[in-house]
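Report on one structure; see the data block that follows.
No value in this document is a laboratory result; all are computed from the given coordinates. Computed from a prediction, not measured in an experiment: that's the story for all the values here. Reconstructed Cβ throughout: ideal geometry from the backbone, glycine too, with neighbour counts over all protein chains shown.
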Amino acid sequence: MKLPFVETTHGLLLTQAEKKLSVNLALAARMLSLDGHDDFNQGQISARLPKSDRFFIKQAMCGFNEARPDDMLMAFVDHKLPVNSSAPPELPLHQAIYEIRPDVNAIIHSHAPYSLVFGATDLEVLPVSHDGACFQGRIARFVKTSQTVLNIQIAYDVANALGDCLAVLLRNHGSVVVGQSIREATVLAQILERSCKIQLLAQSLHTPFHISSSEDVTKKKEYIYSNLSIKLFWDYCVRRVKQTWEETKTW
C-alpha cells in the first residue's frame, strides 16, 4: 500500500501525485534541452495539479539539460506569499498566468532561437507545416518591453497579452507556452519552435510559398494535435530522454 505522502530533499511533504509531477517536470526540462531550448541556466518550466494554489518550478541555478526532480521547487500562485531563495527571478510571470488562467496547469518560458527570432519580427504564424497549423490563430505577442519579467505588474501585462491563446511571443525575449498539463505544454513548446523554424526557412527563400487551407488547418488541429496524439508525442519524447540520459531511467 502506497503512503499518501512522500518526503522530498527540501523537507516538504508531497502527495504521490505531486511527486510524480516533479518527475514529469524534470523529464520535460530534458526534452526541451534536446529540442534546443537551452540558454545557460535561463528559462523556466513549471506545473501544478488542477485547481491547486501551489506549483512546482525549476530552481534558478540549473539548466534544462541537468534538471532533476529535486530541482523542482514549490511556489505559490499568490505573489504576496514568501518565496524560496532559489526560485527563478521570473517567478512572477508564472504566478500571474496561473492566477489569470485557471485552465492552465503548466507553463514554459524559454529563449529557443527560432521562436525568439520569429518574435522579433511582425510575421504571423502561418500553416506552412502541420506545426504552424496547430498555432494559427492561437498565438499572441507581447511588445511592451523586452526586459526580464521581474515584477508582478509586467507579469500581469504578459498574462493579459496571452489571453486565451496557447502561447505568447515576447518581443526580443523568447516565448511563453501554456497547457492544461505538463505533457501538453512541453509538446506545444516543441511544436512552436519547429513551426517558427520552418516558416523562417520558407520566408528566407524570397519566393512565394503555399500554406494549408482553412479546412485542412481545422482537421490538423483535430487529428494531428488531438489529446491522444499529444500523449503519444510525449511518450516518444520520454523514451528519447531516457535513451540520452541513463540517470533518468531510475526516476
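Structure notes:
- Tilt relative to the chain, helix 214-223 - C-alpha long axis, 0 to 90 degrees, to 10: 30
- Choice from Leu126, Leu232, Leu21 with maximal GNM fluctuation in the chain (Cα, 10 Å cutoff): Leu232
- Cut-off 16 Å (backbone N to label point 7 Å along Cα→Cβ of Trp251), residues of the range 39-54: 44-48
- Subtracting the Cα-Cα distance of Ser85 and Asn160 from 0.36 nm times their residue separation leaves 24.3 nm of extension gain.
- Put in line by how crowded their Cβ is, counting other Cβ atoms within 10 Å and starting with the fewest, Lys20, Lys51 read Lys51, Lys20.
- Alpha carbon centroid spacing (whole Å) that separates the range 62-88 from the range 140-163: 20
- Gyration tensor (alpha-carbon) shape descriptor, the chain, a/c threshold 1.5: prolate
- Segment Ile100-Leu205, extension gain: residue separation times 0.36 nm, minus the distance between their alpha carbons: 33.8 nm
- Listed residues Glu99, Glu193, Glu215, most fluctuating in the chain (Gaussian network, C-alpha, under 10 Å): Glu215
- Summary value for the chain: 20 percent relative contact order, contacts being C-alpha pairs under 8 angstrom separated by 6+ residues.
- Most fluctuating residue given options Met72, Met61, Met31, as computed from a GNM of the chain linking Cα atoms under 10 Å: Met61
- In the range 51-134, the convex hull through the Cα atoms has an average projected area of 7.4 nm², a quarter of its surface area.
- Spin-label model, Arg239/Leu123: points 7 Å from Cα along the beta carbon direction are separated by 3.2 nm.
- Which of Lys80, Lys19 has the fewest Cβ neighbours within 10 Å, and the rest in rising order: Lys80, Lys19
- Lysine pair count for the chain [Cα-Cα under 20 Å; pairs on different chains or 8 or more apart]: 23
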